[in-house]
Amino acid sequence: EAREQQLRQERQQEDLTRRTIQQADVRLFLNQNNSLSLFYKDTEITKCCGLQTSVLSQGVWYNQADSQVEIERPGPAEMLIRLHHRRLPLVVTWQCRLSGQGVLEWNAGAVITAPLRLDRRNASLMVSKVYTQWSAFPQKGAFPAMFSGQWQGMNNPQESPDFIALLPSSGQLPGIVFKDMHEPRSLLLVQNTDASLSSRVLEAQVEEASEQ
């Protein structure tokens, strides 16, 4: 029994190591909900859904929470994740790499394995309420002091900012810059969640409206 417990602990540690990449003070972890948790000096920056993708198909939103997961580790600071959707003919891929100066390169793609109508694709980062200032150049501002009963959009995404950013209320955590390097059609949104989540959200949204 003691040997079985030791083997179980070793397998758990191996799985934890496989799901984690780190570079200097930044650590990224694929959690059990199949979203990505982001840490800075062992303090979690993300909240709730963390870093994730979702798709809108025929009026229904799907994320990757119940997907079957495959993980490859091309390098110590790299992770390739394949998420096989159980309810859609869709395999989502995330290529994650931490480079110097706290940069996370997150390349999200998808393979459609049968005819499927996709209306919208989202990539979002949900973070702590300690981030109190936002920027979507030339717009910028402060989040409301209190959360309300509904989500609030903070910027006008039609002004097509090159990036969106958040600044914390103290110097304990780094600022966050969110930029879509690959999809010129994406709208970048800064959002404030409702009181139940009490979080800030940075999101890239792509309207698809095509059957593939």
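Taken as a whole, segment 19-37 holds no residue that is part of a helix (DSSP H, G or I) and out of contact with any helix residue (DSSP H, G or I) (no Cβ under 9 Å at 6 or more places or on another chain).
Can Ser148 be described as under 21 Å from Gly50 (Cα atoms), hydroxyl-bearing (Ser, Thr, Tyr), touching a strand residue (DSSP E or B) at 6+ places or on another chain (Cβ under 9 Å) and crowded, with 16+ Cβ neighbours inside 10 Å? Steps first, please.
Working: under 21 Å from Gly50 (Cα atoms): yes; hydroxyl-bearing (Ser, Thr, Tyr): yes; touching a strand residue (DSSP E or B) at 6+ places or on another chain (Cβ under 9 Å): yes; crowded, with 16+ Cβ neighbours inside 10 Å: no.
It is false that Ser148 is under 21 Å from Gly50 (Cα atoms), hydroxyl-bearing (Ser, Thr, Tyr), touching a strand residue (DSSP E or B) at 6+ places or on another chain (Cβ under 9 Å) and crowded, with 16+ Cβ neighbours inside 10 Å.
Taken together, Arg82, Arg73 contain a single residue that is in contact with a strand residue (DSSP E or B) (Cβ under 9 Å, 6 or more places away or on another chain), modelled with pLDDT of 95 or more and farther than 26 Å from Gln205 by Cα, which is Arg73.
If you check Val111 against the conditions, is it exposed (fewer than 15 other Cβ atoms within 10 Å of the Cβ), more than 16 Å from Leu36 (Cα to Cα) and modelled with pLDDT under 95? Spelling it out, Val111 is indeed exposed (fewer than 15 other Cβ atoms within 10 Å of the Cβ), more than 16 Å from Leu36 (Cα to Cα) and modelled with pLDDT under 95.
Exactly one residue out of Ala123, Ala165 is of a type in the set (Gly, Ala, Ser), surrounded by 16 or more Cβ atoms within 10 Å (Cβ to Cβ) and within 21 Å of Thr43 (Cβ to Cβ): that is Ala165. If the condition is being open to solvent by 80 Å² or more (accessible area, probe 1.4 Å) and closer than 24 Å to Val206 by Cβ, then segment 126-139 contributes Phe137, Pro138. Hey, does segment 48-65 have a residue that's open to solvent by 50 Å² or more (accessible area, probe 1.4 Å), aromatic (Phe, Trp, Tyr) and outside any loop (DSSP other than H, G, I, E, B)? Checked segment 48-65: at least one residue is open to solvent by 50 Å² or more (accessible area, probe 1.4 Å), aromatic (Phe, Trp, Tyr) and outside any loop (DSSP other than H, G, I, E, B).
The values are calculated or read from the model by the stated rules, or taken from the named source; none is laboratory data. Remember, it's a predicted structure, so these values are computed and weren't measured experimentally. Note: ideal-geometry Cβ built from the backbone for every residue, glycine included; neighbour counts use all protein chains shown. Areas reflect the complete protein model, heavy atoms only, side chains present, ligands, DNA and RNA absent. Shrake-Rupley method; radii C 1.70, N 1.55, O 1.52, S 1.80 Å.
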